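Read-outs: derived from the displayed coordinates by stated rules, not from any lab. Since this is a predicted model, take the numbers as computed values, not measurements. Note: ideal-geometry Cβ built from the backbone for every residue, glycine included; neighbour counts use all protein chains shown.
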Amino acid sequence: MYLKTLTLRGFKSFASTTTLRFEPGITAVVGPNGSGKSNVVDALTWVMGEQGAKSLRGAKMADVIFAGTALKPALGRAEVSLTIDNSDGVLPIDYTEVTITRTMFRGGGSEYAINGTPARLLDIQELLSDTGMGKQMHVIVGQGQLDAILSATPVERRGFIEESAGILKHRRRKERALRKLESMSDKAARVQDLASELK
Ligand code: ATP
């Protein structure tokens, strides 16, 4: 599995459609200060479901949409597509190439798609969760993040390890199942009350 292409449309400083093609191995992005290198990394984290504006170096989520320059007007939507080569089948999906797309409108709300089919954030998270590329991904180490990992509490460090080992997905499923179970036992108790009233 490797990242094949990243296409940005209206994302941060990338007003026009821009496609970056990667090959297996090492890719270096070079450029002068402020030319958009970190914006490329932001686009990667965003398309994989990042929900925090701060992690994307903005104050609010809509800050990822091209805000306009002296020459170009602001845009109303941002879209990023990430194509992953899955010929080794690491992603649990029957496609040798997987494209994840996230779109956001200035009015708010994000839409996701997997190979052009609308998907939920949860679907994206589950698809990526065993690859170490999930929401709290550790494949992307931002500026200053190493310090944060080194000074993390034991509980936070355990979270990093669980995410990397793919345990977090099962923990989330367990939590959802427990919530359902709780609401079912409330309903069962209510049914029992009604049944005893009818006796
Ligand atoms: P450095 O080498 O200094 O870290 P960089 O190449 O990583 O720089 P970025 O931080 O990726 O640069 O890009 C910063 C540029 O992106 C700034 O010029 C900023 O104005 C522009 N930018 C960020 N968000 C938006 C937006 N929503 N609309 C338009 N431009 C934006």
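I need to check one value: relative contact order of the range 52-129, counting alpha carbon pairs closer than 8 Å and at least 6 residues apart, in percent.
20
Among T99, T69, a tally of other beta-carbon atoms within 10 Å of each Cβ gives an order, fewest to most, of T69, T99. The mean sequence separation of alpha-carbon pairs under 8 Å and at least six residues apart, normalised by the residue count of the range 113-199, gives a relative contact order of 25 percent. Considering only G36, G25, G142, the Gaussian network model of the chain with Cα springs below 10 Å gives its largest mean-square fluctuation to G25.
Mean sequence separation of contacting Cα pairs (under 8 Å, at least six apart), scaled by the length of the chain, corresponds to a relative contact order of 17 percent. Summing charges over neighbours of T19, with a neighbour being any other residue whose Cβ is under 13 Å away from its Cβ, gives +2 when K and R count +1 and D and E count -1. Net charge of the neighbourhood of M104, taken over other residues with C-beta under 12 Å away and scored Lys/Arg +1, Asp/Glu -1, is +2. Each Lys and Arg adds +1 at its Cβ and each Asp and Glu adds -1 at its Cβ; summed about the Cα centre, the range 1-109 shows a dipole of about 640 debye.
Adding -39500 (n - 2.57) for every DSSP H run of four residues or longer, then dividing by how many residues the chain holds, sets the calculated 222 nm ellipticity at -11000 deg cm²/dmol. Can you give me the span-like helices of the chain, meaning DSSP H runs with 24 Å or more of Cα extent along the axis and Kyte-Doolittle mean at or above 1.6? None clear 24 Å together with a mean of 1.6. Positive end of the dipole of the range 1-116, charges at C-beta (+1 Lys, Arg; -1 Asp, Glu), about the Cα centre: which of M1, P92, A78 has its Cα farthest in that direction? Checked the options; the winner is A78.
The overall shape of the range 45-180 is oblate: from the C-alpha gyration tensor, with semi-axes ordered a ≥ b ≥ c, the ratio a/c is 1.5 or greater and a/b is no larger than b/c. Packing-based ranking of 145-151, 1-7 yields 1-7, 145-151, ordered from highest to lowest mean Cβ neighbour count within 10 Å. The string of couplings for the range 74-84 from the Karplus curve (6.51, -1.76, 1.60, θ = phi - 60°) is 5, 9, x, 8, 10, 9, 10, 10, 10, 9, 10 Hz, one whole number per residue in order, with x for Gly and Pro.
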